[in-house]
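Below: the structure, in structure tokens.
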Amino acid sequence: ATGELVLTVRPGADVGDLVAILGTLPADAFFTEHFGDVNAVLVFRRVPGDSATLPASVNPSAGPAAASVPLP
């Protein structure tokens, strides 16, 4: 769905990984749901009406244990 931001946290993620990837979320994003078993998947949503794009500096593949993936 438009406006959703999905964070996948893989086994082996440490506090630094989580802080780095959570820091890429827009300040107005709010947690909506989670799913997963081995990989924890956290879904956030932007406040309706705001842009759903991530900053250009975000690189979903930069971390080995945590990744951010916006959904179309």
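We did not get these values from a lab; they are worked out from the coordinates using the rules stated. Since we're looking at a predicted model, the values are computed, not measured. Cβ: placed from backbone, ideal geometry, glycine included. Neighbour counts: every protein chain shown.
Tabulated values for the structure
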quantity	calculated
Of every Cα-Cα pair in the range 1-49, the percent that sits beyond 15 Å	46
By average C-beta atoms within 10 angstrom, highest first, the peptides 3-16, 26-39	3-16, 26-39
Label-to-label distance, nm, for residues given as Asp14 and Thr32 (7 Å Cα→Cβ offset)	3.3
